[in-house]
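The values are calculated or read from the model by the stated rules, or taken from the named source; none is laboratory data. If you're wondering where the values come from, they're calculated on a predicted model, not measured in any experiment. Glycine gets a Cβ as well: all are built from the backbone with ideal geometry, and neighbour counts include every protein chain shown. Side chains are part of the model used for accessible areas, which takes the heavy atoms of the whole protein and leaves out ligands, DNA and RNA. Shrake-Rupley method; radii C 1.70, N 1.55, O 1.52, S 1.80 Å.
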Amino acid sequence: AQTVTQSQPEMSVQEAETVTLSCTYDTSESDYYLFWYKQPPSRQMILVIRQEAYKQQNATENRFSVNFQKAAKSFSLKISDSQLGDAAMYFCAYRSPPGGTYKYIFGTGTRLKVLA
Amino acid sequence: EAQVTQNPRYLITVTGKKLTVTCSQNMNHEYMSWYRQDPGLGLRQIYYSMNVEVTDKGDVPEGYKVSRKEKRNFPLILESPSPNQTSLYFCASSLRAHEGGRSGANVLTFGAGSRLTVL
């Protein structure tokens, strides 16, 4: 069974600095999808970034980028120029490929604090 | 506005009293799913549906039922709620269950969440 592990329950970063959130996963599949979702205090779940396993190029979305290491089964999120609005819980998620179980597997989350 | 709507947003109930949490999306999405969020456990998938009349269990289906009679609606039913079902529940949908086009069609859109307390 697939698993997603976020080993950092909480992280802090100074405003305008860079922070990296870790995520590792376990799967025997070769084609799958990985996501980072953000949950601010409003509780709304918001997509941050998405990566297809078949793509070697790391996904980027403005200040957010990932370091996708397929062989190591690692999918870390880098936030550059951190802003106060980045403070939230961040969840890493895995999605099976077509023909699989169509399940989403989420990690336990990392709470990010941004210090002014 | 494209959205997933859940109701109720907050509910306090008692053990054994049947309840339904409704979920509706207006985006013509094929895939819909339910999750519960508990401290230290992240989000865990309860049930999902790939299309009308097609549902399957997620990782924590015990104590829950679902139905998908219409494409837009996917209610979560707790036939006999127990205190261990106290949680924050999310409904989510995505355009397709099959990611044939690799176009981002499997990105989930979430509802605002339903806080359920069972006494």
Can you find a residue that is modelled with pLDDT under 95 and of a type in the set (Gly, Ala, Ser) anywhere in segment B:57-67? yes
Of all residues in segment A:61-71, which are open to solvent by 20 Å² or more (accessible area, probe 1.4 Å) and farther than 15 Å from residue A:27 by Cβ? A:61, A:62, A:63, A:64, A:65, A:67
All positions within segment B:49-73 that are touching a residue at least 40 places away in the same chain (Cβ under 8 Å) and within 14 Å of chain A (Cβ to nearest Cβ): B:50, B:51
Name the residues in segment A:72-109 that are more than 13 Å from the chain's Cα centre (by Cα), open to solvent by 10 Å² or more (accessible area, probe 1.4 Å), among the hydroxyl-bearing types (Ser, Thr, Tyr) and more than 19 Å from residue A:58 (Cα to Cα), would you? A:101, A:102
Matching entry among B:31, B:64 (being under 20 Å from residue A:37 (Cα atoms) and of a type outside the set (S, T, N, Q)): B:31
Say whether the condition of being within 24 Å of residue A:98 (Cβ to Cβ) and surrounded by fewer than 16 Cβ atoms within 10 Å (Cβ to Cβ) is met by at least one residue in segment B:24-33. yes
Do you know which of the residues in segment A:9-23 that are part of a loop (DSSP other than H, G, I, E, B) and open to solvent by less than 70 Å² (accessible area, probe 1.4 Å) is nearest to the other protein chains (Cβ to nearest Cβ)? A:23
